[in-house]
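What follows is a single structure, written as structure tokens, with notes after it.
Computed from the coordinates by the stated procedures, all read-outs in this text should not be read as laboratory data. Everything quoted here is computed from the prediction, not taken from an experiment. In this analysis, Cβ positions are derived from the backbone assuming ideal geometry, glycine residues included, and neighbour counts consider all displayed protein chains.
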Amino acid sequence: MVDGEHYFPVIKAALENIERDLGYKLMAVVFIGGTEKITEETDLNSLGYPVVFEAEPLVGINYALSKYKPDLTIDLSDEPVVGYIERFKFASYILKAGVSYLGADFRFDPPIFHDIATKPSISIIGTGKRVGKTAISAYICRRFEKAGLSPLVVAMGRGGPEEPEVLEGKKLHITPQFLLKASKEGKHAASDHYEDALMSRVTTIGCRRCGGGMAGVPFISNVLEGASLANKLKEELVIFEGSGSALPPIRTDTRIIVVGAHQPVEYIGGYLGPYRLLISDIVILTMCEEPMASQEKVDLLEKTIKKVNPDLQVIKTVFRPRPLKNISGKRIFLASTAPLKVKEILRGYLEKEFDCEVVGISENLSNRPKLKRDLERHKGKFTTILTELKAASVDVVTSMGLEMGADVIYMDNEPVVIGEDGELEDALVGLAKESISKFRRRKKRDKS
């Protein structure tokens, strides 16, 4: 990639240096703009390489990626033709093509998705932490079970086990005592795979990861081992669940991306947000309500998403609590990761839909010291603790709740669609069928 702000002999010398001293074989040059020092297109044509010259730089880059199928794109441009914003945009499309992107002092390599799944599969990825991936995953599995599909989940979490762990959601009786015992054994009993198994009641394989790159690559993980274990189980459709903005390192047939409407728009449309949108098939936009996000913000996010990938279906949702047991007539203390500003929405919904009285709410489920103080402050006021299965929900909430003589009940966060009834369920079942068809076509090609 070259620009017209560099003197022509300098560009030519740089290209020669790339081949002679760095050992790369150059296939083509893409001109991406600027005319200060290159006066005629004939200058570029005399470089000795095929030249791609388009009015819109990204059009030229995508054309060259498709035509020449390179291993590497080298960027010899600079400001003012390209700056940080443009380079991240270029990087998203280059990585989507499976190509590395090299500049003077940076390099982006595409994530490696290992082709080891022997069953149809779907990835659930996100644009950050606390956007609702696990809640969406559990919802998906319940709907797939209802549709006669046979799902299992491979969950990748920051608190996952050293060796992949299988939890048979249908068979296990996951009680507060069960989880507290696991916690005392040194396990993170509020890790995503425990939540998946409890909320979806399907078989779940827990895995771990540490670190996450800008394009979503975990620094280390044992997800490959988890995928190999999934291959041996009887279930027919595998859901690979990401962690934060880190992607499962497995090649899957389709992807669902979960975007939080409360997130900054530039996290979605800028940096390497477009890369995640470009490799996905459906967007589930969560938390689409005040005070998390205004209608104007939701509309802007949808517009931003469609600008990057017009083919993406965007489904707008909000979350509502779903207690796993009857809480009618009970005095409730609610422990949640939801911010304090939505507490009245949660209180009103629980009291109206489940005929209970919410006497206290803590938004500090991920802040142990504050959470303990909240529980102590409300001691004696509640008969039941209602909590998400996240963060400190077992080692603090469950432990203190049982010591106080309270019932501990876990709750799911269920997505509710803003718009057409059945839209989410229909889209998800359709995606599952598409995943199965893609898998069969791919395996048929591999055999031939």
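Tabulated values for the structure
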| item | result |
| --- | --- |
| Region 153-237: chymotrypsin sites (Phe, Trp or Tyr not before Pro) falling in loop per DSSP and having at most 15 other Cβ within 10 Å | Phe219 |
| Table column - 3J(HN,Hα) (Hz), region 426-438, Karplus curve with 6.51, -1.76, 1.60, x for Gly and Pro | 4, 5, 5, 5, x, 5, 4, 5, 5, 4, 5, 5, 4 |
| Amide proton proximity set for Gly34, modelled H, under 5 Å, gap of 5+ | Gly4 |
| Length-normalised contact order for region 324-414 - Cα pairs under 8 Å, 6+ apart - percent | 34 percent |
| Overall form of the chain per C-alpha gyration tensor (a/c, 1.5; a/b vs b/c) | prolate |
| Rough spin-label spacing in nm, given labels placed 7 Å along Cα→Cβ, for Ile418 and Lys307 | 2.0 nm |
| Relative contact order (%) - criterion: Cα under 8 Å, at least six apart; region: region 8-108 | 24 percent |
| Cut-off under 5 Å, modelled amide H: who pairs with Leu312 long-range | none |
| Helix-only [θ]222 nm of the chain, DSSP H runs n ≥ 4, -39500 (n - 2.57) each, per residue, nearest 500 | -11000 deg cm²/dmol |
| Whole-Hz ³J(HN,Hα) from phi, Karplus 6.51 cos²θ - 1.76 cosθ + 1.60, for region 105-111, glycine and proline x | 9, 8, 8, 10, 10, x, x |
| Cα-Cα over 28 Å, subset of Lys181/Lys316; Lys146/Lys181; Lys129/Lys303; Lys133/Lys343; Lys390/Lys443 | Lys181/Lys316; Lys146/Lys181; Lys390/Lys443 |
| Share, in percent, of DSSP beta bridges within region 8-108 that are antiparallel, nearest 5 | 25 percent |
| Region 58-74 - phi-based ³J(HN,Hα) in whole Hz, Karplus 6.51/-1.76/1.60, Gly and Pro as x | 5, 4, x, 4, 5, 4, 5, 4, 6, 6, 9, 6, x, 8, 8, 10, 10 |
| Residue order, fewest to most beta carbons within 10 Å, for Asp395, Asp192 | Asp395, Asp192 |
| 5 angstrom amide H check on Ile124, placed H, neighbours 5+ away | Phe240, Glu241, Gly242, Ile256 |
| Candidates per trypsin sites (Lys or Arg not before Pro) in region 295-342, loop by DSSP, up to 15 other Cβ within 10 Å | Lys325 |
| Residues of region 126-142 with amide N under 13 Å of a point placed 7 Å along Cα→Cβ from Tyr349 | 132, 135-136 |
| Share antiparallel - DSSP beta bridges, the chain, percent rounded to 5 | 25 percent |
| Length-normalised contact order of the chain in % [C-alpha pairs under 8 Å, at least 6 apart] | 15 percent |
| Peptides ranked, highest mean first, by Cβ atoms within 10 Å: ranges 255-267, 228-240 | 255-267, 228-240 |
| When the convex hull of its Cα atoms is projected in every direction, mean area for region 8-108 (nm²) | 6.1 nm² |
